[in-house]
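A.B. asks: Just passing along the structure, written as structure tokens.
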Amino acid sequence: MLWPPSFQILNDMKFKLILLALIATVTIKAQDLEPKGKIKEPKTFKDKMHNTFLSKRMTEATYQRDSMHLLNLQLMKDTTNYGFRYRELDSNYRELNARYNNLSDRHKSLQRDYNDMNDKYTELIQSSLNKTQQLNLALKEKGEQLLAREKRLAELEALIKKQDSITNALNNVIKKALLSFNSDEISVEMKNGKVYVSMTDKLLFKSGSADVEEKGKDAIKKLADVLNKNGDVGIMIEGHTDNIPIKTAQFQDNWSLSVARSTNIVRLLDETYKVDATRLTASGRGEYMPKASNETAEGRAKNRRTEIILTPKLDELYKLIEKR
């Protein structure tokens, strides 16, 4: 077993105390061996031998005494030095022991801090993993949404192309059907996915009247033949006027004139040419959607018109949009 230096010193001191006791014992025994007294006037050989033996024993005892005394002095000196050394080492031991206890306490505190930090680190890692999982799930959902949206866009593009194809075909058929009319009477154009058939009042009506002229009826009949063959097309009739005010017994203003003209054409399509009434819409725009400037006679003539707007049905497109 390893002992601190102070304990080793204590053991050395015990040894020296035991040695002092042995010296004292030896001294006592040496005195016991001495004769009881010296014969002052030896007469016989025996007396002389007695005195000689006594002198020899005294010399040995004195030598032993002096040696023991010197040894005792040395031991006392060593004991004093060991005492100083013991106290010094004991002080160092206590200081080191206090430092050890302090370091031990600090180690325990650091260990607790480490455990707390490790717990927090583990918690953060777990939280980070949870957030990563949530992010991955959100990204997956977004990806699925984007794929679904791309699919819908592709479907929309396909439907729009289909509608454009239908509109373009309708535009071509109507132009072909109305080739016999002059460009200043009828114009056909395609815009915004619709076909616009614009008929001037020169073709359809007399000035200030809503009754359709015979030549106008012929144009409407040819248009109706095409519409009856294309049942998936919506039909809106819009009446337009110039900005010259009108006030007659029949028409209070340009509004009522434009509405009456579009309504009469709707009745003609429905009642005479048997176009499905559910496809027809009549509206009057009056002077408020001019095609040209009303400052000139040419401009006013362009503004006095009836537009038949043909719209391919977009039911499939609307249904697809509603799914979003």
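The values are calculated or read from the model by the stated rules, or taken from the named source; none is laboratory data. Computed from a prediction, not measured in an experiment: that's the story for all the values here. Because the Cβ atoms are built from the backbone with ideal geometry, glycine has one as well, and the counts that use them run over all protein chains shown.
A.B. asks: Give the residue that is surrounded by the most Cβ atoms within 10 Å (Cβ to Cβ), with candidates limited to residues of region 244-273 that are in a helix (DSSP H, G or I) and among the small types (G, A, S).
C.D. replies: S258
A.B. asks: Determine whether K161 is surrounded by 10 or more Cβ atoms within 10 Å (Cβ to Cβ) and either in contact (Cβ under 8 Å) with a residue 60 or more places away in the chain or under 30 Å from L223 (Cβ atoms) (or both).
C.D. replies: Details: surrounded by 10 or more Cβ atoms within 10 Å (Cβ to Cβ): yes; either in contact (Cβ under 8 Å) with a residue 60 or more places away in the chain or under 30 Å from L223 (Cβ atoms) (or both): yes.
Criteria met by K161.
A.B. asks: If you check R279, R305, which single one turns out to be surrounded by 18 or more Cβ atoms within 10 Å (Cβ to Cβ) and closer than 18 Å to D201 by Cα?
C.D. replies: Exactly one of R279, R305 is surrounded by 18 or more Cβ atoms within 10 Å (Cβ to Cβ) and closer than 18 Å to D201 by Cα, namely R305.
A.B. asks: On to the next question. Tell me whether region 42-49 contains one or more residues that are assigned to a helix (DSSP H, G or I) and modelled with pLDDT of 80 or more.
C.D. replies: Let us first name the residues in region 42-49 that are assigned to a helix (DSSP H, G or I), namely 45-49.
Right, trim to modelled with pLDDT of 80 or more and you get 49.
Scanning region 42-49, I find at least one residue that is assigned to a helix (DSSP H, G or I) and modelled with pLDDT of 80 or more, so the answer is yes.
A.B. asks: Turning to a different aspect of this structure: Identify the residue in region 187-209 that is touching a residue at least 40 places away in the same chain (Cβ under 8 Å) and assigned to a strand (DSSP E or B) and, among all such residues, is surrounded by the fewest Cβ atoms within 10 Å (Cβ to Cβ).
C.D. replies: Y196
A.B. asks: Please go through region 190-219 and pick out each residue that is of a type outside the set (A, V, I, L, M, F, W, C), in contact with a helix residue (DSSP H, G or I) (Cβ under 8 Å, 6 or more places away or on another chain) and under 30 Å from Q163 (Cα atoms).
C.D. replies: Once the filter is applied, which keeps residues that are of a type outside the set (A, V, I, L, M, F, W, C), in contact with a helix residue (DSSP H, G or I) (Cβ under 8 Å, 6 or more places away or on another chain) and under 30 Å from Q163 (Cα atoms), region 190-219 yields G193, K194, T200, G216, K217.
A.B. asks: Which condition number in (1) surrounded by 15 or more Cβ atoms within 10 Å (Cβ to Cβ); (2) touching a Gly at 6+ places or on another chain (Cβ under 9 Å); (3) not small (G, A, S) is the one that V212 fails?
C.D. replies: V212 satisfies all of (1) surrounded by 15 or more Cβ atoms within 10 Å (Cβ to Cβ); (2) touching a Gly at 6+ places or on another chain (Cβ under 9 Å); (3) not small (G, A, S) except (2).
A.B. asks: Which residues, counting only those in region 230-289, are aromatic (F, W, Y) and touching a helix residue (DSSP H, G or I) at 6+ places or on another chain (Cβ under 8 Å)?
C.D. replies: Just the residues of region 230-289 that are aromatic (F, W, Y), to begin with: 251, 255, 273, 288.
Once the filter is applied, which keeps residues that are aromatic (F, W, Y) and touching a helix residue (DSSP H, G or I) at 6+ places or on another chain (Cβ under 8 Å), region 230-289 yields F251, Y273.
A.B. asks: Sticking with this one: Does E189 count as under 30 Å from T248 (Cβ atoms), at pLDDT 90 or above and assigned by TED's automatic domain parsing to the domain that holds R305?
C.D. replies: no
A.B. asks: Residue by residue through region 170-186, note down the ones that are surrounded by 13 or more Cβ atoms within 10 Å (Cβ to Cβ) and not aromatic (F, W, Y). Explain how you work it out, then say what you get.
C.D. replies: Taking region 170-186 as the starting set, the residues that turn out to be surrounded by 13 or more Cβ atoms within 10 Å (Cβ to Cβ) are 170-175, 177-178, 181, 185-186.
Within region 170-186, L170, N171, N172, V173, I174, K175, A177, L178, E185, I186 meet the criteria.
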